[in-house]
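These notes concern the structure reproduced below.
Every number here is computed from the coordinates shown, using simple stated rules; none is lab data. Worth saying up front: this structure is predicted, and the values here are computed from it rather than measured. Using ideal geometry, Cβ is built from the backbone for each residue, glycine included, and neighbour counts are taken over all protein chains shown.
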Amino acid sequence: MRDRSGDGQREDPQDRQPGSAQEYERIIITGCGILGACVKEVFPGAISVDRSSKTRNHRNVDMTDPAAMSALLGELRPEVIIHTAAMTNVDACEQRQDEARRANVEATAWLCRWAVKHHARLVFISTDYVFDGEQGAYKETDDVRPLSVYAKTKVEAEASVRALLPESQYLIFRVSATISPYGRDWMLEALREGKPIQATDEIVTPTYAPDAAESIRIALQNQLSGTYHLATSSSLTRYALARKLAAAFNYPTNSISEVSGEIFWAGKAQRPKNSSLDTTKALKQGLIIRSTDEVLADYTARVQGR
Ligand SMILES: NC(=O)c1ccc[n+]([C@@H]2O[C@H](COP(=O)([O-])OP(=O)(O)OC[C@H]3O[C@@H](n4cnc5c(N)ncnc54)[C@H](OP(=O)(O)O)[C@@H]3O)[C@@H](O)[C@H]2O)c1
């Protein structure tokens, strides 16, 4: 059982601004992982849902169980569903494809149908892995070509959202290699212990979970709809990111070596070489897009302040 704490107090209804996302009185967040926990910080009155977290304002329900979900949503009657929960282990999805489909596709389609019937807004979290990584700097309108089972399930889930809900009722946010003050940061632990680290040459635009969470709040407040990329403004290799992380925490960088993604993931699910996201559309709409250096400074302060 995970013990994910950190959710704040319920909001004071008097703090609600007219027309703001805080006007939504009933918000459900599926998933309380490294992104969901940050989203919950931004919506302290929301109820989160997953199978194992132990935290305040939280229910343990399996989202692939329609009867349990129906009972929960019938009781809570959310006006907004922020759907972050997913089977996120890319290699496990390759090995357990039926489970991946149930969690990532069928549960999402079920939530869409509930949202249509009950006039709720749905925020769906997708991934940079919808792209094949041959081009990089992907815009929202670029063609998807998923390489792995995980990525295929997210593409299918996106398609369900677009097919089942009118555009005004949904937001799809594609996020990328996520940096979060919640959960374990394996890289940081290895750096702290001086263990050798291999980091790949895959190019990414990391997503800072607190910024993504705040962007979701702004998007709901401003009644945005459609698909957006939420990531940092600068693309870099995972190796360069590991070195920046080490430098931000004043750890030596000589324990980090670069390895080709093809070699590192040999025999595992295929990953895109360059899945960097173009965030121009999100920036134009006033969503939070910062540089990797800026978010690492914030991340360092949060981790050191714990
Ligand atoms: N992390 C990344 O680098 C990254 C990159 C691109 C896109 N994304 C996307 O971002 C979203 C959030 O991912 P994350 O990084 O926060 O993942 P995470 O830390 O692995 O959290 C996933 C959450 O989903 C819950 N969950 C999984 N199966 C469930 C089920 N059957 N019923 C109820 N809850 C279930 C998990 O809790 P239980 O297991 O306790 O149920 C957990 O709370 C996902 O949609 C993911 O595809 C993440």
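Based on the mean of other Cβ atoms within 10 Å per residue, sort peptides 263-270, 280-287, 206-213, 152-159 so the most packed one is first.
My ranking of the peptides, most packed first, is 206-213, 152-159, 280-287, 263-270.
Taking K and R as +1 and D and E as -1, what net charge do the other residues with C-beta under 13 Å from the C-beta of VAL149 add up to?
+2
Excluding same-chain residues fewer than 8 positions from LYS139, which aspartates and glutamates have a Cα within less than 12 Å of its Cα?
Leaving aside aspartates and glutamates fewer than 8 places away in the same chain, those within reach of LYS139 are ASP128, ASP278.
With angles folded into 0 to 90 degrees, how steeply does helix 292-304 sit against the dominant principal axis of the chain? Use alpha carbons for both and round to 10.
Result, in degrees: 80.
Using the structure shown, list the pairs from LYS54/LYS244; LYS152/LYS281; LYS54/LYS284 with a Cα-Cα distance above 27 Å, or answer none.
LYS54/LYS244; LYS54/LYS284
Once the Cα gyration tensor of the chain is found, what semi-axes does its equivalent ellipsoid get, as square roots of 5 times the eigenvalues, in whole Å, sorted largest first?
Its equivalent ellipsoid spans semi-axes of 30, 22, 19 Å.
Subtracting the Cα-Cα distance from 0.36 nm times the residue separation, let me have the gained length for ALA68 to ASP293 in nm, one decimal.
Full-extension gain reported as 76.7 nm.
With only alpha-carbon pairs counted, each pair once and no self-pairs, how large is the Kirkwood hydrodynamic radius of the stretch 145-285 in angstroms?
With all distinct Cα pairs of the stretch 145-285 included, I get 16.9 Å.
Can you tally the net charge around ASP132? Count Lys and Arg as +1, Asp and Glu as -1, for every other residue whose Cβ sits under 13 Å from the Cβ of ASP132.
-1
So for the stretch 165-222, what are the equivalent ellipsoid semi-axes in whole Å, largest first, each being the square root of 5 times an eigenvalue of the Cα gyration tensor?
Taking √(5λ) for each eigenvalue gives 32, 14, 8 Å, largest first.
With an 8 Å Cα cut-off and a minimum separation of 6 or more residues, compute the relative contact order for the chain in percent.
19 percent
Give me the percent relative contact order of the stretch 166-255, please, defined on Cα pairs under 8 angstrom at least 6 residues apart.
Relative contact order of the stretch 166-255: 43 percent.
When ranked by the protection proxy of mean other Cβ atoms within 10 Å per residue, highest first, what sequence do the peptides 247-258, 166-177 form?
Per-residue mean Cβ counts within 10 Å order the peptides as 166-177, 247-258.
Quick one: work out Rg over Rh on the C-alpha atoms of the stretch 230-306, Rh as Kirkwood radius.
That ratio equals 1.03.
Mind pulling the angle between the C-alpha long axis of helix 238-248 and the longest principal axis of the chain? Nearest 10 degrees, somewhere in 0 to 90.
That works out to roughly 90 degrees.
For the stretch 182-306, what relative contact order do you get, as a whole percent, if you take Cα pairs closer than 8 Å and at least 6 residues apart?
37 percent
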